[in-house]
1. Under 5 Å between amide H atoms, partner at least 5 residues away or on a different chain: which partners does ALA143 have, H built in plane at 1.01 Å?
2. Beyond a 28 Å Cα-Cα separation, which of these cross-linked pairs lie in this structure: LYS110/LYS155; LYS43/LYS129; LYS40/LYS110; LYS129/LYS194?
3. What number, in percent, do you get for the relative contact order of the chain if the mean sequence gap of Cα pairs under 8 Å and at least 6 apart is divided by its residue count?
4. Subtract the Cα-Cα distance of LEU165 and ASN208 from 0.36 nm times their separation in residues, and report this length gain in nm to one decimal.
5. Using Cα pairs closer than 8 Å and at least 6 residues apart in sequence, work out the relative contact order for the range 102-152, in percent.
6. Wrap a convex hull around the Cα atoms of the range 37-131, take a quarter of its surface area, and give that in square nanometres.
7. Tell me, what HN-Hα J-couplings in whole Hz come from the Karplus equation 6.51 cos²θ - 1.76 cosθ + 1.60 at θ = phi - 60° for each residue of the range 75-83, using x for Gly and Pro?
8. Keeping every protein chain present and rolling a 1.4 Å probe, give me the accessible area per residue for the chain in Å².
Amino acid sequence: MTLQLPKFRDGMSIGIMGGTFDPIHLGHLVIAEEVRHQFKLDKVIFVPTGYPPHKKASNVTHPEHRYLMTVLATINNPHFVVSRVEIDNAKGFTYTIDTVRFFHNYFQGKAKIYFITGADAIMEILTWKDYAELFSICYFIAATRPGYSLNNLNKTIGSVCPQALERIQVLEIPAMQISSTLIRQRVADGKPIKYLTPDSVADYIMKNGLYRRREV
Ligand code: ATP
Ligand code: MG
């Protein structure tokens, strides 16, 4: 159980920002902060994945590294906290529905929960486990992301699950064409990552030799 989790109080609004965070970067932080501001959230809880089902486990950096980088990146924002709920899951990965249910119960079903995603993630939501239940216990914020279109969102989701559309809000975000893939690639190529991720995360990556190209 994460020590930093906010205490429950009536009328709370909570954001959940799920991700692999391999590594966390300014794109993640900008969307979390913008959603927090626009939706007047009390807290945003960052939830790094365990070993995600859609990425080959061997390709994903050890959860403890990803967790620590997420803590470093969020340390100077009093509204941001990091949860180990997925990382500590014994099965190695957790579905979003399990995580949202966990927080729904933690806040006794009384907090308004917003799950924050980028445009790419929301377009895949109908492939998520128990998505209909997800739409009944939380709201979704779909943040714009360069390179991904939300033009078909209403059509794609509306044709399968029309009631879900009432639970999804699109939020225009100052464009950040940054991805974890880009950062991993830049480190492997020996290019700088300063100003793409907080300095503390860049330092952590260098200190621990993450993402360096393996010698063959
Ligand atoms: P990878 O390249 O490894 O897939 P990523 O940058 O997409 O990494 P994730 O951890 O996969 O990061 O993403 C977590 C969440 O953050 C997802 O909902 C994703 O859509 C969103 N996100 C990531 N980067 C951005 C960005 N630059 N702008 C808007 N949303 C983003
Ligand atoms: Mg991604």
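The values are calculated or read from the model by the stated rules, or taken from the named source; none is laboratory data. All of these numbers come straight from a predicted model, not from anything done at the bench. Here the Cβ is made from the backbone with ideal geometry for all residues, glycine too, and neighbour counts use every protein chain on show. Accessible surface is based on the protein model in full, side chains and every heavy atom, while ligands, DNA and RNA are left aside. Shrake-Rupley method; radii C 1.70, N 1.55, O 1.52, S 1.80 Å.
1. The answer is THR117, GLY118, ALA119, LEU171.
2. LYS110/LYS155; LYS129/LYS194
3. Value for the chain: 24 percent.
4. On the way: separation 43, 0.36 × 43 = 15.48 nm, distance 4.31 nm.
Taking 0.36 nm per residue and subtracting the Cα distance, the gain is 11.2 nm.
5. 46
6. 7.0
7. 5, 9, 10, x, 8, 9, 10, 10, 10
8. On the way: 11290 Å² over 216 residues.
About 52 Å² of surface per residue is accessible.
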